[in-house]
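Coordinate-derived values only; no laboratory data. In this text the structure is predicted, and so the values were computed from the model without any measurement. Using ideal geometry, Cβ is built from the backbone for each residue, glycine included, and neighbour counts are taken over all protein chains shown.
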Amino acid sequence: MEHQRGEHLQQQCRERRDWNNNPAAILSVKGSALPSPQWSGYTSSMQVGELMIQDYNVIPQVGIMQNVYWDGSANKYILNGYASQMYMGANGSIAFSVYNSGTSGNAVSGTGVAMTIANNGNVGIGTPSPDTKLAVNGTIHSKSVVIDLNGWADYVFKPAYQLPPLMAVKNYIDQNQHLPEIPSEQEIAKNGLNLGEMNKLLMKKVEELTLYAIENERKDKERETTKDKLLASLQEQINLLKEQLTAIQKGNKTNQTNHN
C-alpha cells in the first residue's frame, strides 16, 4: 500500500514538473486555489491573496475578482470584508461590480454592477444596459459640460424671419398649455430632455422675446410721438381760441365804448 502511494505521488510530481516545464502562456496556472465545489465550472483559476481569476468551461467568459468566488450558484465572499469584480462576458461586454463588506462564505450584497461597457462601445454607469454612448442612472456632478450643436437660433434676427404675432402665441398657449415648439410635460416625461436641442429652443424664445420687447418699445415711442404731436396740436388750437376770444372781448369793449 505504501509502495503504491509512493509511486502515485511520484507520478503526480512528474506530471506537475512536466506541465510546469511546458507552460501554455507567460504565466500559466494549473489547478485551483480553493477545493471543489468552489471552483466547479471552471477550466482554470488562479488566486493570489484575495485576487481571483476564473475561466468558465461552459462558455468563453472570464471573471477577475477581489474577495469574490463563484460557487456554481452565487458570488460569495472569500474573506470578511469588501469585494469587487470585473466580468468579461461571452457577448464581449465588460461589467464592473462593487459590493458591501460581508462575511466569508456568504453571498455578496450591495451595489452590484456599477459600470458596464457593452460590446457596441456604449458605457453604462448604474445601469447594465446602456442604450447610448454614455448612460447614467443617477446624478452627474460636473464643473463644465460642452455640447456640440449643429446650428443656433440667431436666424431669428434675420430680416426674413417672421415673428409670430403675440395673439397667435396666446391662442396656442390657451389650447396646448405650453409654448410653441417646446416639448410638453408629457413628452419630457416620456422621452427625457435633450439638453442641446432644448438650449437651442430656449435661446430662440429669448431672441423672440427680445424682438417683441424692441417692437413694443418702438410702438411706445411712436405713441409718445403721436401723443406729443396731438398735445401740441391741441395747444395750438387752444392758443388760437384764446386769441380769438381775446379779440372778441376787445371788440365787445370797443363797441360798448362807442355806444356810450
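Whole percent per 5 Å bin, from 0 to the bin with the longest distance: what is P(r) over all C-alpha pairs of segment 60-138?
Histogram of Cα-Cα distances, whole percents per bin: 4, 17, 24, 21, 16, 12, 5, 1.
Using every alpha carbon pair in segment 48-195, what percent of pairs falls into each 5 Å bin from 0 up to the bin containing the largest distance?
Per 5 Å bin, starting at 0, the Cα pair percentages come out as 2, 7, 11, 13, 12, 11, 8, 7, 7, 5, 5, 5, 4, 3, 1, 0.
Have a look at L163, Q177, A189 and report the one farthest towards the positive end of the charge dipole of segment 153-231, computed about the Cα centre with Cβ charges (Lys/Arg +1, Asp/Glu -1).
Sorting the options by dipole projection puts first L163.
Taking a quarter of the surface of the Cα convex hull of segment 138-217, what do you get in nm²?
On the way: hull surface 30.2 nm².
Answer in nm², one decimal: 7.5.
Which lysines, on any chain, are close to K205 with Cα under 16 Å apart, when same-chain ones fewer than 8 places away are left out?
K158, K170
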